[in-house]
Amino acid sequence: MESIVNSAGKVPPELSIVMPCLNEAQTVGTCVKKALAYLDIHKVRGEVIVADNGSTDGSQAIALTLGARVLRVESRGYGNALRAGIAAARGTFVVMGDSDDSYDFSALQPFVEQLREGYDLVLGNRFQGGIAPGAMPVLHKFFGNPIITFIGRTLYRSPSHDFYCGLRGFRRDAVLSLELDAAGMEFALEMIVKATIHGLRITEVPTRLAVDGRGRPSHLRSWRDGWRSLRLFLLLSPRGLFLFPGAAMFLVGLAGTLMLLAGDIVLGNIAFAERTMVITAAAINVGFEVMLFWMFATTVAVQRSLLPRDPNFERFRRAMPLERGLALGTTLILLGLVTVIGAISEWSVVGFGPLVGGMAMRLVIISGTTFVLGAQILYGSFLLYVLEYRCHSAPSREPVHQPVPTASLNWPIPDS
């Protein structure tokens with residue numbers, strides 16, 4: 001039974017334990033019993049919510065009989081089930097965990113203690129708490145999870161050492177403020193990434209992972225969910241996806257072009273000349289275009305509330321308004337024209353005959369590069385102005401977010 005019901009005149013629960021469920025008849029009962037036992041032993045006002053995602057094996061009836069609230073979630077997906085469960089929760093704190101009996105719901109006290117200490121998000125760490133033999137596929141244990149965690153820590157400086165741990169606790173209001181959107185398994189990563197970006201207080205506690213008791217394959221699809229995880233990381237990191245690679249490409253191309261402009265570079269029997277300069281000049285243009293994509297992506301992401309406002313980016317944009325972008329782009333285009341004139345002058349020295357190499361070819365390459373850069377800046381400035389125009393000229397509006405998946409209670413809520 002629920003230990004408290006949030007109705008008129010009653011104290012709301014401190015903790016809601018939310019379990020996503022899809023055909024977990026063999027294990028959901030054990031998970032509910034452990035969760036209710038934890039609430040009883042530790043005298044925690046709480047409730048257990050099973051967010052059912054369309055089970056056909058009687059999981060709902062088992063959970064309901066044992067005293068859980070059973071929430072029917074129409075929209076399929078791990079993230080959809082959890083978002084609906086969190087939205088329906090009545091506790092100040094929420095602990096979420098899989099209903100396959102791989103996590104011990106009777107051992108939630110470390111999570112609750114850290115939440116009471118003031119942390120917004122308390123993550124389980126299975127590598128610290130222990131992984132039972134056979135509980136995690138070898139590919140996930142030594143390849144998938146470490147790589148995903150490494151990428152997440154590198155891009156976002158997150159304190160998490162186990163991004164995919166499914167057992168975690170959090171302040172309900174703090175996580176709702178993140179407006180999570182992921183429908184599938186990447187929901188767990190989105191929570192950590194956005195919590196880190198928005199500066200929530202995050203910590204970890206050791207968590208043991210046991211072999212799940214379902215006796216059937218997991219809902220997880222390694223390569224599909226791995227790609228979705230990487231896609232989410234890149235979506236929420238315009239700097240990692242666009243700015244850093246673009247800047248590296250631009251700087252390497254610029255350095256190579258300037259060295260080759262002065263003359264050939266000979267390393268042993270290998271000579272780098274005009275043909276190599278074509279490649280380095282192309283790197284300048286591609287790198288700069290990728291950095292422009294960073295500006296476009298950041299602008300759109302902030303407008304859609306995918307990312308918080310960045311004071312440094314806003315200062316940069318104020319320093320480079322439309323008019324300055326147009327002036328800089330036009331200047332580079334004119335510089336390209338001047339360089340073409342210089343190339344023609346060099347060409348006239350050989351009587352406008354065939355050009356095998358020399359300064360004329362180098363000037364043509366420089367001319368083309370500056371032409372392209374000027375056009376990129378000129379039209380890129382206009383596009384940024386278009387992206388920002390409505391925000392600056394129209395009254396601010398609340399951003400539109402993906403709604404919480406449709407959910408309903410199929411059965412009466414048992415009262416204690």
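The values are calculated or read from the model by the stated rules, or taken from the named source; none is laboratory data. On a predicted model such as this, the values are computed, not experimentally measured, just so you know. FYI the Cβ positions are ideal-geometry reconstructions off the backbone, even for glycines, and counts take in every protein chain you see. Remember, those area values only see protein heavy atoms, side chains included, never the ligands or the DNA or RNA. Shrake-Rupley method; radii C 1.70, N 1.55, O 1.52, S 1.80 Å.
Restricting to DSSP H runs of at least four residues, report the calculated mean residue ellipticity at 222 nm for the chain, -39500 (n - 2.57) per run over all residues, nearest 500 deg cm²/dmol.
After summing the helix terms and dividing by the residues of the chain, the value is -16500 deg cm²/dmol.
Cα-based Rg (one decimal) and Dmax (whole number) for the chain, in Å?
My reading of the Cα-based Rg and Dmax gives 28.7, 100 Å.
Keeping all protein chains in place, calculate the accessible area per residue for the chain (probe 1.4 angstrom), answer in Å².
Details: 20490 Å² over 416 residues.
I get 49 Å² per residue for the chain.
Find the centroid of the Cα atoms in the range 220-291 and in the range 119-155, then give the distance between the two in whole Å.
Between the Cα centre of the range 220-291 and that of the range 119-155, the gap is 31 Å.
At most 16 other Cβ atoms within 10 Å plus a DSSP loop assignment makes a site exposed; report the longest stretch of the chain without any exposed trypsin sites (Lys or Arg not before Pro).
Details: sites that count: Lys10, Lys43, Arg76, Arg157, Arg201, Arg221, Arg304, Arg309, Arg397.
The segment 310-396 is the longest one with no such site.
In whole Hz and in residue order, list the ³J(HN,Hα) couplings for the range 239-251 that follow from phi through the Karplus curve 6.51 cos²θ - 1.76 cosθ + 1.60, θ = phi - 60°; x for Gly and Pro.
5, x, 7, 10, 5, 5, x, x, 5, 4, 4, 4, 5
HN-Hα J couplings of the range 199-206 from phi, Karplus 6.51/-1.76/1.60, θ = phi - 60°, integer Hz, Gly and Pro as x?
Computed from phi, the couplings for the range 199-206 are x, 6, 7, 10, 9, 10, 9, x Hz.
For Met259, Met249, Met191, write out the residues from largest to smallest accessible area, computed with a 1.4 angstrom probe and no ligands counted.
Ranked from most to least accessible, the order is Met259, Met249, Met191.
Could you work out how far helix 187-197 tilts from the main Cα principal axis of the chain, as a 0 to 90 degree angle to the nearest 10?
Result, in degrees: 60.
Just to be sure I follow the rule: in the chain, considering lysines 8 or more places apart or on different chains, how many pairs have Cα atoms under 25 Å apart?
The number of close lysine pairs in the chain is 6.
If you roll a 1.4 Å probe over the chain with all protein chains in place, what percent of the accessible area is carbon or sulfur?
Exposed carbon and sulfur together represent 63 percent of the surface.
How do Phe127, Phe352 rank by accessible surface area computed with a 1.4 Å probe, from largest to smallest?
Phe352, Phe127
With the Cα gyration tensor of the range 33-158 in hand, give its eigenvalues times 5 under a square root as the equivalent ellipsoid semi-axes, listed largest first in whole angstrom.
That gives 26, 20, 16 Å for the three semi-axes.
Roughly what angle does helix 145-156 make with the longest principal axis of the chain, taking Cα atoms, 0 to 90 degrees, to the nearest 10?
So the helix axis and the longest Cα principal axis differ by about 60 degrees.
If you take every DSSP beta bridge whose two residues both sit in the chain, what share of them, in percent to the nearest 5, is antiparallel?
The antiparallel fraction comes to roughly 40 percent.
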